[in-house]
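Contents: one structure, followed by commentary.
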Amino acid sequence: MTLALFLGVLILGILLGLPIAFALLLASAALMFQMGLFSSDILAQSLVNGVDNYALLAIPFFLVAGETMSVGGLSKRIVKLAMSMVGHRKGGLGYVAIITAVILAGLSGSAVADAAALIAILLPMMRDAAYPEKYCVGLLASGGIIAPVIPPSLPLILMGVAGNISIAKLFLAGIAPGLMMGVALVATWWFLVRGADLETPPKVPASMRWAAAKDGIWALMLPVIIIGGIRFGIFTPTEAAVVAAVYAIFVSTVVYRELTWPAFYGVLIRSARATAMVMFLVGCAMVASWLITVAQLPQNLAAFLEPLIDSPRLLMLTIMVLVLLVGMVMDLSPTILILVPLLMPVVKAAGIDPVYFGLMFVINTSIGLITPPVGTVLNVVCGVGKVPLEKAVAGVLPFIAVYVALLLLFVLVPELITVPMGWLIG
C-alpha cells in the first residue's frame, strides 16, 4: 500500500506535467501524510540536508569545465585531431565522430553537451559528404551517451551519492566499459556503411597530423590529469572537478585565447542554472530516499525479489530490464535518484558488487537518453540538427540494439567490467 501510494502520486504528478523534482516532493509529502509524519519543517530540513554533501560540490565545477571547453576551443581541436587521423578512411567522418565522442566524454561528463557539440560540428560535414543522414544522426546521438560512463561523469557522481558508493571507484571502473561502447559503435558504423558509396578525402600528411596533435595536446591532457590524479590519490573526485575547471579556463584563455569575458559570463550563467536544477532534484530525491527508508520499502522489495537473490545474474538481468523500461519514459538523473535507494539493499543482499551495479545502472539509463519517446539526447540532437524525430529514431535503432546487446553481455560476463576495474582501482 505504501509503495503503491508513493509510485501512484509520483506517476500522477509526472502525467500532470509537473517537473520530476516537484512530482518527487509531492509524492514524499503524500508518504509523510500516510505515515503520520507530515511536517513542513521536517520536509524543508530534509530538502536542505539532501544537498549538504561534499561530493555534490563536484557538479558545478565539472559543469563549468564542460561549458568552458565548448566555447574555449578545446572541442573543435579534438575534432581536428581525429579528422587528421582517420578522416581519410571510408566512412571516416563516422570514425571521427566516435573518437571525438570518447575523448569529449573524458572532458565534459555531460551526454547532452557532447551530443550537441558533435551534431553542431560534424553533421553539416557529413551532409556535405552525402553520408546517410539518419545513420549519422543515430551515430552522433549514440556517441553522446558515452559521456555518462567515462569519467568525469555527473551521473556517476549522482550514483555515488544515491547508492553510497565510492565515486572514485565508479570513475575508474567506467573507463573500460566506456571504451567498449566506443568499439561497439565502430563495429556498427562499419557494418552500416560498408556497401555505401561515400566520398573519401585524401590522407592528411604526417606533418599536418603532428601539427593537429600538438595543437590538441592541451585538451587531451585534461582526462589524463583527472583520471591519473584520482587513481594515484592526488585528489578526490570533488577536487578533480576544481582542477578540471581551472585547467579548462587556463587553456581557453592563456593557451588558445578563445574564451572572452562575455563568453565566460555565459559559461557561469549556464553552469549556475544547470547546477540549481540538478541540486533541487537531488534534494527532492533525498527527501524521498529518507522516507522510502523509514517506510521500509527496500525491505518489501527485497521480500518480493527474494526468489532471485540466490541467482545474482538473473537478478541483475531482471533489474536491467526494469531499468531499461523505466529509462524509456524517465530521464537519467531522476531514474538514478528514485530507483537506486530502493534497489541497493537488494543488490547487496545478493552479493553483487555495488560499483559494478552502479556502473551497469548508469550504462542502462544512458541508453534511455536515446530511446523514444522521452530520450533527452535524441530530442536535443533533433533540435540542434533540425532533423525530424522519425528519421532520428530510425537511425538510432541499430545503435540501441548494439548497446542493449553489450549490456546483456556485461550481465552474463560481469568480469568484462570487474576485471579491468580491479586493475585500475588496485
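Counting only residues that are hydroxyl-bearing (S, T, Y) and more than 18 Å from T335 (Cβ to Cβ), how many does segment 277-320 have? So that I can check it myself, show each step before the final result.
Start the filter on segment 277-320 by keeping residues that are hydroxyl-bearing (S, T, Y), which leaves 289, 293, 311, 318.
Checking the rest, the ones that are also more than 18 Å from T335 (Cβ to Cβ) come to 293, 311.
The qualifying residues number 2.
With respect to F33, is the statement that it is among the aromatic types (F, W, Y) and either over 27 Å from the mean Cα position of the chain (by Cα) or not in a helix (DSSP H, G or I) (or both) true?
Details: among the aromatic types (F, W, Y): yes; either over 27 Å from the mean Cα position of the chain (by Cα) or not in a helix (DSSP H, G or I) (or both): yes.
So F33 passes the test.
Of the residues that make up segment 33-43, is at least one buried (at least 22 other Cβ atoms within 10 Å of the Cβ) and small (G, A, S)? Show your work before the answer.
Taking segment 33-43 as the starting set, the residues that turn out to be buried (at least 22 other Cβ atoms within 10 Å of the Cβ) are none.
No, every residue in segment 33-43 fails to be buried (at least 22 other Cβ atoms within 10 Å of the Cβ) and small (G, A, S).
Please find, among G66, G8, the residue that is within 27 Å of the chain's Cα centre (by Cα), assigned to a helix (DSSP H, G or I) and not hydrophobic (A, V, I, L, M, F, W, C). Write out each step before concluding.
Values: G8 fails: within 27 Å of the chain's Cα centre (by Cα).
Answer to the selection: G66.
The set of residues from segment 383-404 being free of Cβ contacts under 8 Å to residues at least 60 places away in the same chain and of a type outside the set (D, E) comprises G383, K386, P388, L389, V393, A401. Of all positions in segment 235-257, at least one carries a residue that is assigned to a loop (DSSP other than H, G, I, E, B) and not aromatic (F, W, Y).
Results for (1) touching a His at 6+ places or on another chain (Cβ under 9 Å); (2) closer than 17 Å to L342 by Cα; (3) touching a residue at least 12 places away in the same chain (Cβ under 8 Å); (4) acidic (D, E), shown as yes or no for each residue.
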{"position": "A4", "(1), (2), (3), (4)": "no, yes, no, no"}
{"position": "L10", "(1), (2), (3), (4)": "no, yes, yes, no"}
{"position": "F22", "(1), (2), (3), (4)": "no, no, yes, no"}
{"position": "S28", "(1), (2), (3), (4)": "no, yes, yes, no"}
{"position": "M35", "(1), (2), (3), (4)": "no, no, yes, no"}
{"position": "S40", "(1), (2), (3), (4)": "no, no, no, no"}
{"position": "A44", "(1), (2), (3), (4)": "no, no, no, no"}
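Taking segment 50-73 as the range and being of a type in the set (S, T, N, Q) and either closer than 15 Å to L107 by Cβ or at pLDDT 85 or above (or both) as the test, the residues that pass are T68, S70. Among the residues of segment 277-323, just one is among the charged types (D, E, K, R) and surrounded by 14 or more Cβ atoms within 10 Å (Cβ to Cβ), namely R313.
Among the conditions (1) over 20 Å from N379 (Cβ atoms); (2) modelled with pLDDT of 90 or more; (3) assigned to a loop (DSSP other than H, G, I, E, B), K90 misses just one, which is (2).
I'm trying to understand the selection: among the residues of segment 298-309, which are within 11 Å of V346 (Cα to Cα) and either among the hydrophobic types (A, V, I, L, M, F, W, C) or without any contact (Cβ under 8 Å) to a residue 60 or more places away in the chain (or both)? Selection gives P298, Q299, L301, A302, A303, F304, L305, E306, L308, I309.
On the basis of being assigned to a helix (DSSP H, G or I), touching a Cys at 6+ places or on another chain (Cβ under 9 Å), of a type outside the set (D, E) and farther than 20 Å from V329 by Cα, does S46 make the cut? Steps first, please.
Working: assigned to a helix (DSSP H, G or I): yes; touching a Cys at 6+ places or on another chain (Cβ under 9 Å): no; of a type outside the set (D, E): yes; farther than 20 Å from V329 by Cα: yes.
No, not satisfied.
Of the residues making up segment 367-376, not a single one is in contact (Cβ under 8 Å) with a residue 24 or more places away in the chain, farther than 27 Å from P19 by Cα, surrounded by 17 or more Cβ atoms within 10 Å (Cβ to Cβ) and in contact with a helix residue (DSSP H, G or I) (Cβ under 6 Å, 6 or more places away or on another chain). Of the helices (runs of 4 or more DSSP H) lying entirely inside segment 114-196, not one contains at least 1 residues that are without any contact (Cβ under 8 Å) to a residue 24 or more places away in the chain, surrounded by 22 or more Cβ atoms within 10 Å (Cβ to Cβ) and within 19 Å of the chain's Cα centre (by Cα). Cβ-Cβ contacts under 7 Å between residues 6 or more apart (or on different chains), taken from a first residue in segment 255-267 that is surrounded by 13 or more Cβ atoms within 10 Å (Cβ to Cβ) to a second residue that is part of a helix (DSSP H, G or I) and of a type in the set (F, W, Y), are listed as V255/W218.
The values are calculated or read from the model by the stated rules, or taken from the named source; none is laboratory data. This structure is a prediction, so every number in the text was calculated from the model and none was measured. Because the Cβ atoms are built from the backbone with ideal geometry, glycine has one as well, and the counts that use them run over all protein chains shown.
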